[in-house]
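**Q** The structure follows.
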Amino acid sequence: MIQTRKCPNGVRIVTEQMPHVRSVALGIWVKTGARNESAGEAGMAHFIEHMLFKGTARRTAKDIAETIDRTGGEINAYTAMEETCFYVSVLAEDALEAIDVLADMFFNSAFDETEMRKEKSVILEEIAMVADTPDDDVHEQLQAAMYPGHPMGRPILGYPETVSAFTREETVAFLKREYRPERIVISAAGCVDEELISRIGELFGSFAAGASAPLSVGRPEFASGSIRKRKDTEQAHICLGYPGMDVNDPDIYGLIILNALFGGSMSSRLFQRIREEHGLAYSVYSYHSTHTDSGSVTIYAGTSPSRLEETRAVIQNEIRTLLAEGVTETEIEGALGQMKGSLLLGLESPSARMSRNAKNELFTGEHKDIDEVMKEFRQVDAKQIRRIADRIFSCPPAESIIIPN
């Protein structure tokens, strides 16, 4: 059973007891990310995520790592467009120590300038690594093509020139501005007890928001932009992007089904047509991204340069077929089975449940159980899928292409 408690300062604590496990997954989730950065702050949210591991007044970076390592646990973090997460998985007997480590990182990170210089260098290498990986870079380029001039169009890692210029004063100011109690969810799943929940409340339930108001960023407007790059690579990589749906859109369950049968699995139309029938690509798929006020649908394929235009033509033909003929009930039933299996298999671990509960609390405020979710999926029919397809694919796509030199 999922329980939600709200602290006096606005921090929310979401817990789910899983009696059959002996471990606990804990996460601090902040509703801020790359979207909340000004142009000069590009990469700041991700930089702060890194810096929170670089030592506090009580612990060095090595101390943080060793404390969790000696329990056999795992500690990590990630930054996305609209959220930042710091999480740990440990045995239940080590959960109190783990939440103390997370709280120490969250509230007492030193932001030592020597460590900042070193971590900037690490992130510059991370940026270079993405640039050297065309099947990653092509997706970042698509974001820029879809949302020019908006933070959603910038890379989460930032740019070398912005990351290199961050000062300690600017970094701490961003933290105080964006890491606000009302934006924070502490999620715990697994062998959770009242002692742990009480300790979370003690650690996170009383801190106050900073004086500066968070950055206000408007809704991104989709653009059918085009970006083409040349690289030293063997394959050509193409992404086509279409406007999708926000996380609370009433058609979201239909979009998930549409994506599953169109390009989200090995049995999907795109995979079968492009890889199995035509042999055009090893990797081909589609996915949808949802945000608070926007979303996108992306189609990706990697192919030989000589077959790039043929691959694009087959993709576009599949879209035309979808719009003209719709989908079959057999395809919908197959997608429903896929959804049920992936949901159930994906929620067998405490970390998966911790993540799901936190995202639901942050972005929807609802906690539907599996039966309620499957009921929503079963209401999707061919007529709705066709209407959604018309809505998604009615405008020219944005595109990004990386081709060999």
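**Q** Can you name every residue in region 265-277 that is buried (at least 22 other Cβ atoms within 10 Å of the Cβ) and under 25 Å from the mean Cα position of the chain (by Cα)? Before the answer, list the steps.
**A** Filtering region 265-277 for residues buried (at least 22 other Cβ atoms within 10 Å of the Cβ) gives 268, 270, 274.
Correct list: 268, 270.
**Q** Name the residue, out of 104, 136, that is buried (at least 17 other Cβ atoms within 10 Å of the Cβ), of a type in the set (Asp, Glu) and on the phi < 0 side of the Ramachandran plot.
**A** Details: 136 fails: buried (at least 17 other Cβ atoms within 10 Å of the Cβ).
After applying the criteria, what remains is 104.
**Q** Which one is surrounded by the most Cβ atoms within 10 Å (Cβ to Cβ), of the residues in region 352-405 that are β-branched (Val, Ile, Thr) and assigned to a loop (DSSP other than H, G, I, E, B)? Outline the logic, then answer.
**A** Narrowing region 352-405 to residues β-branched (Val, Ile, Thr): 364, 370, 373, 380, 385, 388, 392, 401-403.
Next, only the ones that are assigned to a loop (DSSP other than H, G, I, E, B) stay: 364, 380.
Numbers: 364: 13, 380: 21.
Ranking the qualifying residues of region 352-405, first place goes to 380.
**Q** Note down all Cβ pairs under 6 Å where the first residue falls in region 63-76 and is free of Cβ contacts under 8 Å to residues at least 12 places away in the same chain, the second is not polar (S, T, N, Q), and they're at least six residues apart or on different chains.
**A** Listed by first residue and then by second, the contacts come to nothing, as the list is empty.
**Q** For region 14-131, which strands (runs of 3 or more DSSP E) that fit wholly inside it have 1 or more residues that are touching a Cys at 6+ places or on another chain (Cβ under 9 Å) and more than 30 Å from residue 290 (Cα to Cα)?
**A** Details: elements: 23-30, 74-79, 84-91.
So the answer is 23-30, 84-91.
**Q** For region 241-276, enumerate the residues that are among the aromatic types (Phe, Trp, Tyr) and within 15 Å of residue 300 (Cα to Cα).
**A** As a first pass, look at region 241-276 and keep what is among the aromatic types (Phe, Trp, Tyr): 242, 253, 262, 271.
242, 262, 271 - these are the residues of region 241-276 that are among the aromatic types (Phe, Trp, Tyr) and within 15 Å of residue 300 (Cα to Cα).
**Q** Just give me the residues in region 314-346 being buried (at least 17 other Cβ atoms within 10 Å of the Cβ) and of a type in the set (A, V, I, L, M), in sequence order.
**A** Correct list: 314, 315, 319, 322, 327, 332, 335, 336, 339.
So that you can scan it fast, the table gives a plain yes or no per residue for (1) at negative phi; (2) part of a loop (DSSP other than H, G, I, E, B); (3) touching a Gly at 6+ places or on another chain (Cβ under 7 Å):
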residue: 164; (1), (2), (3): yes, no, no
residue: 169; (1), (2), (3): yes, no, no
residue: 173; (1), (2), (3): yes, no, no
residue: 177; (1), (2), (3): yes, no, yes
residue: 187; (1), (2), (3): yes, no, yes
residue: 195; (1), (2), (3): yes, no, no
residue: 200; (1), (2), (3): yes, no, no
residue: 206; (1), (2), (3): yes, yes, no
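**Q** Just one of the numbered conditions (1) closer than 30 Å to residue 84 by Cβ; (2) in contact (Cβ under 8 Å) with a residue 40 or more places away in the chain; (3) of a type outside the set (Gly, Ala, Ser) is not true of residue 312; which one?
**A** (1)
**Q** Further question on the same structure: Residue under question is residue 87, and the condition is that it be closer than 13 Å to residue 24 by Cβ, surrounded by fewer than 22 Cβ atoms within 10 Å (Cβ to Cβ) and within 17 Å of the chain's Cα centre (by Cα); does it hold?
**A** On the way: closer than 13 Å to residue 24 by Cβ: yes; surrounded by fewer than 22 Cβ atoms within 10 Å (Cβ to Cβ): yes; within 17 Å of the chain's Cα centre (by Cα): yes.
Criteria met by residue 87.
**Q** Could you please find all residues in region 232-250 being crowded, with 16+ Cβ neighbours inside 10 Å and over 25 Å from the mean Cα position of the chain (by Cα)?
**A** 233, 235, 236
**Q** Just give me the residues in region 6-38 being without any contact (Cβ under 8 Å) to a residue 60 or more places away in the chain and closer than 30 Å to residue 113 by Cα, in sequence order. Steps first, please.
**A** If we filter region 6-38 for residues that are without any contact (Cβ under 8 Å) to a residue 60 or more places away in the chain, which is where we start, we get 6, 20.
If the condition is that a residue be without any contact (Cβ under 8 Å) to a residue 60 or more places away in the chain and closer than 30 Å to residue 113 by Cα, then no residue fits.
**Q** Also, I was wondering about something else. Working carefully through the options 187, 198, 226, find the one that is touching a residue at least 60 places away in the same chain (Cβ under 8 Å) and more than 30 Å from residue 144 (Cβ to Cβ).
**A** On the way: 198 fails: touching a residue at least 60 places away in the same chain (Cβ under 8 Å); 226 fails: more than 30 Å from residue 144 (Cβ to Cβ).
One residue alone meets the criteria, 187.
**Q** Taking interchain pairs and intrachain pairs at least six residues apart, which have beta carbon atoms under 8 angstrom, with the first residue in region 376-390 and among the polar types (S, T, N, Q) and the second surrounded by 21 or more Cβ atoms within 10 Å (Cβ to Cβ)?
**A** 384/254
**Q** Here is a list: 255, 280, 203. Which entry is in contact (Cβ under 8 Å) with a residue 12 or more places away in the chain, within 30 Å of residue 373 (Cβ to Cβ) and surrounded by 18 or more Cβ atoms within 10 Å (Cβ to Cβ)? Walk me through it before giving the result.
**A** Numbers: 280 fails: within 30 Å of residue 373 (Cβ to Cβ); 203 fails: within 30 Å of residue 373 (Cβ to Cβ).
Among 255, 280, 203, only 255 is in contact (Cβ under 8 Å) with a residue 12 or more places away in the chain, within 30 Å of residue 373 (Cβ to Cβ) and surrounded by 18 or more Cβ atoms within 10 Å (Cβ to Cβ).
**Q** Here is a check on your reading of the model: is residue 190 crowded, with 23+ Cβ neighbours inside 10 Å and in the same structural domain as residue 331 (by TED's automatic domain parsing)? Before you say what the answer is, go through the steps one by one.
**A** Numbers: crowded, with 23+ Cβ neighbours inside 10 Å: yes; in the same structural domain as residue 331 (by TED's automatic domain parsing): no.
For residue 190, the condition - crowded, with 23+ Cβ neighbours inside 10 Å and in the same structural domain as residue 331 (by TED's automatic domain parsing) - is not met.
**Q** Mind checking which pairs have a first residue in region 113-129 that is within 13 Å of residue 167 (Cβ to Cβ) and a second that is basic (Lys, Arg), Cβ under 8 Å, 6 or more apart or different chains?
**A** 113/168; 116/54; 116/168
**Q** I need a count of the residues in region 342-358 that are over 19 Å from residue 192 (Cα atoms) and not small (Gly, Ala, Ser).
**A** Here is the first cut: in region 342-358, the ones over 19 Å from residue 192 (Cα atoms) are 342-346.
Checking the rest, the ones that are also not small (Gly, Ala, Ser) come to 343-345.
Counting residues in region 342-358 that are over 19 Å from residue 192 (Cα atoms) and not small (Gly, Ala, Ser) gives 3.
**Q** What are the residue pairs meeting all of these: first residue in region 326-338, first residue in contact (Cβ under 8 Å) with a residue 40 or more places away in the chain and on the phi > 0 side of the Ramachandran plot, second residue surrounded by 17 or more Cβ atoms within 10 Å (Cβ to Cβ) and of a type in the set (A, V, I, L, M, F, W, C), Cβ atoms under 7 Å, and 6 or more apart or on different chains?
**A** 326/385
The values are calculated or read from the model by the stated rules, or taken from the named source; none is laboratory data. As the structure is a prediction and not an experimental result, all values here were calculated from the model. Glycine also receives a Cβ, built like all others from the backbone with ideal geometry; neighbour counts cover every protein chain displayed.
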